[in-house]
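Report on one structure; see the data block that follows.
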Amino acid sequence: DLFARTYGEYIRAETGQNVVVENKAGASGSVAAAEAKRAAPDGYTLMFTISTTMIMNRVLIKDIPYDADRDFVLVSIMPAGSLPFVAAEKTGAKTLAEFVAYAKKAEKINIGTYGAGSYAHMAIVEMNKLYGLKMEAVHYRGEAPMWTDLAGGFIDGAHGSYGAALSVLQSGRGRAVAVSRKRMSTLPDVPSFTEQGATARLFQLTGFQCCAVPTGTPPEIVQKLSKLLVAGGKTEKIQQLMKTMGVDDTAMTFEETQKLYKDETPVWLEAVSGLGLAPS
């Protein structure tokens, strides 16, 4: 919603067209996608959604009502930023290695995620595999209750967004010991998983928001929309807003978007399939 409104405001300012943001929640974006694919391919209906809608849902949802590759053209990917892995204060861990050492000694380790099948869930499975751990993923319905439980010492760690974790980090009840993908300007002293020796490809993947249009939208319109979004991402207003969310990268070009989607989709699908979740 925030990405749609922020970039939508820029599109309105540049084109003079009124931009209406209509939320269609449900099934990790599937409800919105099923409706958006039926829209006229004229560039006037844009779908702002997340990587789960475009990639993981094909594994997580049975009888999915759309085909991301057949029904949509990706206009621009907006990277969601790195996600901090936060150790609870009680662990005493300041680095990934210290947290792994704590986890190996403890009888039981519970790590919060913001949902089954999420990146956080995949990261926990990958860490268990990499370090020979038996950490248990505790799935919450969103981030707020997860960070509340971490602050209360009910779980040993959690993996989620910088913005939602900020109060826990500022209070000292949790400490970021690693971040996904690459270092963040908001947490410059926290090394990435990769820098700390966790070299699995999963830790380098780009979670994202994105803008897509129905297949059949003329290429010149797709390119125009892409250029508008890229230009919007360079404005001070959007740069500042993204920084508050811990996001350092803004809208990618059409060509960059296609390459990233092609390169990383197979890795995402392999990771989510490896969770062994039954499609809902």
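The values are calculated or read from the model by the stated rules, or taken from the named source; none is laboratory data. Since this is a predicted model, take the numbers as computed values, not measurements. All Cβ positions, even for glycine, are placed from backbone atoms using ideal geometry, and neighbour counts span all protein chains on display. Accessible surface is based on the protein model in full, side chains and every heavy atom, while ligands, DNA and RNA are left aside. Shrake-Rupley method; radii C 1.70, N 1.55, O 1.52, S 1.80 Å.
Remarks
- Some residue of the range 50-63 being in contact with a helix residue (DSSP H, G or I) (Cβ under 8 Å, 6 or more places away or on another chain) and open to solvent by 60 Å² or more (accessible area, probe 1.4 Å): yes
- Condition met for residue 276 (farther than 24 Å from residue 116 by Cβ and either open to solvent by 60 Å² or more (accessible area, probe 1.4 Å) or out of contact with any His (no Cβ under 7 Å at 6 or more places or on another chain) (or both)): no
- Pairs meeting the criteria (first residue in the range 193-205 and over 24 Å from residue 262 (Cβ atoms), second residue outside any helix (DSSP H, G or I), beta carbons under 8 Å, at least 6 apart or on different chains) are 195/183; 196/95; 196/178; 198/178.
- Within the range 153-180, the set of residues being surrounded by fewer than 20 Cβ atoms within 10 Å (Cβ to Cβ) and either in contact with a strand residue (DSSP E or B) (Cβ under 9 Å, 6 or more places away or on another chain) or not in a loop (DSSP other than H, G, I, E, B) (or both) comprises 153, 154, 163, 164, 166, 167, 169, 170, 171, 173.
- Criterion: open to solvent by 50 Å² or more (accessible area, probe 1.4 Å) and more than 27 Å from residue 103 (Cβ to Cβ) - qualifying residue of 223, 209, 204, 196: 223
- Scanning the range 49-68 for residues that are part of a loop (DSSP other than H, G, I, E, B) and at negative phi yields 61, 62, 64, 65, 66, 67.
- Tally, over the range 30-48, of residues that are assigned to a helix (DSSP H, G or I) and more than 14 Å from residue 4 (Cα to Cα): 6
- Among the residues making up the range 239-259, those that are crowded, with 18+ Cβ neighbours inside 10 Å and under 22 Å from residue 180 (Cβ atoms) are 242, 246, 247, 250, 251, 252, 257.
Okay, residues lined up against (1) in a strand (DSSP E or B); (2) closer than 21 Å to residue 120 by Cα:
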residue: 211; (1), (2): yes, no
residue: 226; (1), (2): no, no
residue: 239; (1), (2): no, no
residue: 243; (1), (2): no, no
residue: 250; (1), (2): no, no
residue: 262; (1), (2): no, no
residue: 265; (1), (2): no, yes
residue: 279; (1), (2): no, yes
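- Residue within the range 143-150 that is in contact with a Phe, Trp or Tyr (Cβ under 6 Å, 6 or more places away or on another chain), small (Gly, Ala, Ser) and either more than 30 Å from residue 47 (Cβ to Cβ) or without any contact (Cβ under 8 Å) to a residue 60 or more places away in the chain (or both) present: no
- Qualifying residue in the range 75-95 (condition: over 26 Å from residue 176 (Cβ atoms) and of a type outside the set (S, T, N, Q)): yes
- In the range 185-209, the residues that are among the charged types (D, E, K, R), modelled with pLDDT of 95 or more and either part of a loop (DSSP other than H, G, I, E, B) or within 22 Å of residue 269 (Cβ to Cβ) (or both): 189
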